[in-house]
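Chemist: The structure follows.
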Amino acid sequence: MAEKISEWLDERISWRSVWEAIFLRKVPKVNWLFTLGSATLLTALLQITTGILLTIYYVPTPDHAYDSVQYITTQVPGGWLIRGIHHWGASAMVVLTVLHMLRVIIFGAYKYPREVTWITGVFLLFIVIGFGFTGYLLPWDQKAYWATTVGTRIAGVVPILGNVILRIMRGGNDLSAITLSRFFGVHVWVLPVALILLIGIHLYLVIRIGISAVPKRGE
Ligand code: HEM
């Protein structure tokens, strides 16, 4: 029965050729360092899943943000685990992305014909850092408030445009309810959409071009 359905579907949407291109493609003999990209991808999926679950109880207003995070951690069944995974996953994501990038640099995998894959990777790195910066404010505790005060002030010292950038980030001169909802919006909508789009292009290129082999002596 399952065979018949898959046959019926394949005749109409050729899903087997897509499956073969993704999972049955030939790869050169590589080593464990080549799994760092997939580890980053897995962490990203974990972050998206736990992040969606957190939004069920999280409230992005100065009156309720802190309490809602405490409620998630102490009252919601399994909430401590979901929050813990999202919290440590954020650090894992930064570490893995940087390690994956170092692997690409050390093995020279950024060279022709993979320059565009590299460039999409650079934007992915910015997005990962953006997630960390915007997510840090969301618990709305003292650490979050002052870290964002300092972070936005650093952006404010950019020559000429500094003050404009600072006001756009804060939504005014000081941190307020506007800053919190702005950071929340960027954290749960703008960055995830950009991340999913860019990962899609990144992986399309990895599959289309094929993974690089370990360079030989003199290459
Ligand atoms: C969210 C972040 C990222 C994800 C999920 C991701 C995912 C992946 C995956 C699954 C692969 C194939 C397996 C591997 O080579 O490990 C790959 C390859 C690659 N990535 Fe990333 N990546 C990310 C960030 C980056 C960054 C920051 C750079 C560089 C600035 C980069 C540059 C590359 C390049 C050039 C390749 C091709 C490597 C080759 O053919 O040997 N990626 N990426």
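Chemist: How much of the accessible area of the range 171-219, in percent, comes from carbon and sulfur atoms when a 1.4 Å probe is used?
Modeler: 67
Chemist: Output needed: percent of Cα pairs per 10 Å distance bin for the range 172-219, bins running from 0 to the one holding the longest distance.
Modeler: Histogramming the range 172-219 at 10 Å steps yields 21, 24, 21, 16, 12, 5 percent.
Chemist: So how strong a dipole does the chain carry about its Cα centre when Lys and Arg Cβ are +1 and Asp and Glu Cβ are -1, to the nearest 20 debye?
Modeler: On the way: 18 positive and 11 negative charges, 156 e Å.
With only Lys, Arg, Asp and Glu charged at Cβ, the dipole is about 760 debye.
Chemist: Principal axis extents for the range 103-219, Cα atoms only, whole Å, descending order, please.
Modeler: Ordered largest first, the range 103-219 gives principal extents of 55, 28, 25 Å.
Chemist: Among all helices in the chain defined by DSSP H, which have a length of 30 Å or more along the axis from Cα atoms plus a Kyte-Doolittle mean of at least 1.0?
Modeler: Flagged H segments are 79-106, 115-137.
Chemist: So, for the range 85-219, what is the accessible surface per residue at a probe of 1.4 Å, expressed in square angstrom?
Modeler: Computed with neighbouring chains in place, this is 61 Å² per residue.
Chemist: Please tell me the relative contact order of the chain in percent, rounded to the nearest whole number, where contacts are Cα pairs under 8 Å and at least six residues apart.
Modeler: Values: 168 pairs, mean separation 54.1, N = 219.
RCO, the chain: 25 percent.
Chemist: Cβ under 15 Å from Asn31's Cβ, Asn31 left aside: what net charge do those residues give with Lys, Arg +1 and Asp, Glu -1?
Modeler: Numbers: positive: Lys29, Arg103, Lys216; negative: none.
Summing Lys/Arg as +1 and Asp/Glu as -1 gives +3.
Chemist: Find, among the trypsin sites (Lys or Arg not before Pro) in the range 124-194, those assigned to loop by DSSP (not H, G, I, E, B) with at most 13 other beta-carbon atoms within 10 angstrom.
Modeler: none
Chemist: Quick check: net charge around Met169, other residues with Cβ under 11 Å of its Cβ, Lys/Arg +1 and Asp/Glu -1?
Modeler: The answer is +4.
Chemist: Lys pairs in the chain, Cα-Cα under 30 Å, at least 8 apart or on separate chains: how many?
Modeler: Within the chain, the lysine pair count is 6.
Chemist: Still on this structure: Per residue of the chain, what 222 nm ellipticity follows from adding -39500 (n - 2.57) for every DSSP H run with n ≥ 4, rounded to the nearest 500?
Modeler: Value at 222 nm, helices only, nearest 500: -23000 deg cm²/dmol.
Chemist: Averaged across orientations, what area in nm² does the convex hull of the alpha carbons in the range 1-77 project?
Modeler: Taking the Cα atoms of the range 1-77, their convex hull projects to 10.2 nm² on average.
Chemist: So if I take the alpha carbon set of the chain, get Rg, then get Rh from the Kirkwood formula, what is the Rg over Rh ratio?
Modeler: Checking Rg against Rh, the ratio lands at 1.06.
The values are calculated or read from the model by the stated rules, or taken from the named source; none is laboratory data. Because the structure is predicted, anything quoted here is derived from the model rather than measured. Positions of Cβ are generated from backbone atoms using ideal geometry, with glycine treated the same way; all protein chains shown enter the neighbour counts. Accessible surface areas use protein heavy atoms only, side chains included; no ligands, DNA or RNA. Shrake-Rupley method; radii C 1.70, N 1.55, O 1.52, S 1.80 Å.
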